[in-house]
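Each reported figure results from applying straightforward, stated rules to the coordinates on display, with no laboratory input. For clarity, every value in this text was computed on a predicted model and none was experimentally measured. Ideal geometry is used to build each Cβ from the backbone, glycine not excepted, and the neighbour counts take in all protein chains shown.
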Amino acid sequence: MHHPNIHRQRHDFPDEATVEGHHQHKSDAPLPGFHATIITWNLSAEPPTNLIGDDYQLFSQFVLENSNSDFIHFNFQEVITLDPKTPAEASTPEVFKSRCEAWVKHLTVILGENFTHHQYFYAIEMLSVTFVRKHNNDHVKDSPKQTAMLQFERNGGNKYGNKGALVTEMIFKGIFFRILNVHLHAQEGEPYRGNRTSELRKILKEYSLAKIDQGRPRGLEARRSSEPKKEEDGKHSPVVFIAGDFNTRIWRPLNGSDFSEWTVDISNYREEMVKACQEIQTQSVHGISPEIKDVLKSLLKDDELRGLRDLPEFSLLQEAPITFAPSYKYDLLSDQYDTSAKKRGPAWTDRILHCELPQSSVKHTGDNRPKVHFEAYHRCEAKFSDHRAVKLIVQLEHLPSSQKRH
């Protein structure tokens, strides 16, 4: 199945034999543990031709450093802009397609000969790209659905904007992966916080683990009736990651620890917050002192997404410890947080979460989900966008049958 508004491209292999080998496995049995990298970046509609000089070097090092990953997945938001002040041609389908192709080529150059571009999808001004280490080409294939999308309306109207979710599914080394590229509602204060909460709730309801039928991803529910069911399909549960621009902010809750009410006006403590974030930013490159760790801990206590994760309905969302400064909002080509008239508060808007499958959703005994270990979680210092890119490296460990979750 293929959504008509999602554009899909696959790697062009040199010959038909390679294509056949790419689609078929000698065995669907899970292979030994492996590493994966997921990177998210809101591009602020900047083209890859602007990623030059120090920024190009910083991003290239960021992508490749400390990574022996078997696949690398990129989630980009705001590949182009829907801003009405932009010339009309900037948001045409042709320009969007061209921009996405340019980014894929740019990433191909950065990753070099060790990785093969597997597939990419683009919709809702977002781009999702998967690269696989070459020696793993025979261990990756698509799920029958491959991708899906959910798009949200703009404020106060029926026009669709650039907010929503773009979903990629694939099978790698016998494991189902579902990676969501998300872009939630922007702006500070209410009703925007409520909009983000509602959108995240809708995304999880539409594509969450609760929708799994006998452990199979939603993509497999769309199987054609004429297609015979394979026995192994019921044995897999997806490993789910949600990565993107959540647009969540740092708020000081009213009434002490009551996270149900949040301050709308941050102007009375924004200067203090910016100073603290800049100290974290400076020290995080060389190692954070105990004093700055306390500052970081204090800011994270007021992080909107952490507050949401404390709620039962979002408790399945897991995140590696944050040890980096907020990734938003910067002046372009600068280390300065927003100095415009809006003076937005710094925030950890760009996040990568692992959605842990509840045991109640696993209705079979052949569950082969690997254990997910967070190995690294940090940001890139390239000043190309008003966001900083964020990267998560995970190790996926296959457990012996005696250690499976019960």
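Worth a mention:
- Using θ = phi - 60° and Karplus 6.51 cos²θ - 1.76 cosθ + 1.60, couplings along the range 36-52 (whole Hz; Gly, Pro as x): 9, 10, 10, 10, 10, 7, 7, 7, 6, 6, 7, x, x, 5, 8, 8, 9
- Members of 301/329; 275/297; 163/329; 205/301; 275/329; 329/391 lying beyond 21 Å, as alpha-carbon distances in this model show: 205/301
- Here the peptides 192-202, 169-179 are ranked by packing, the mean other Cβ count within 10 Å, and the order with the highest first is 169-179, 192-202.
- Net +/- balance of residues flanking residue 351 in space, Cβ distance below 11 Å, scoring K and R +1, D and E -1: -2
- Bins of 5 Å from zero: percent of alpha-carbon pairs in the range 275-341: 3, 15, 22, 20, 17, 13, 7, 2
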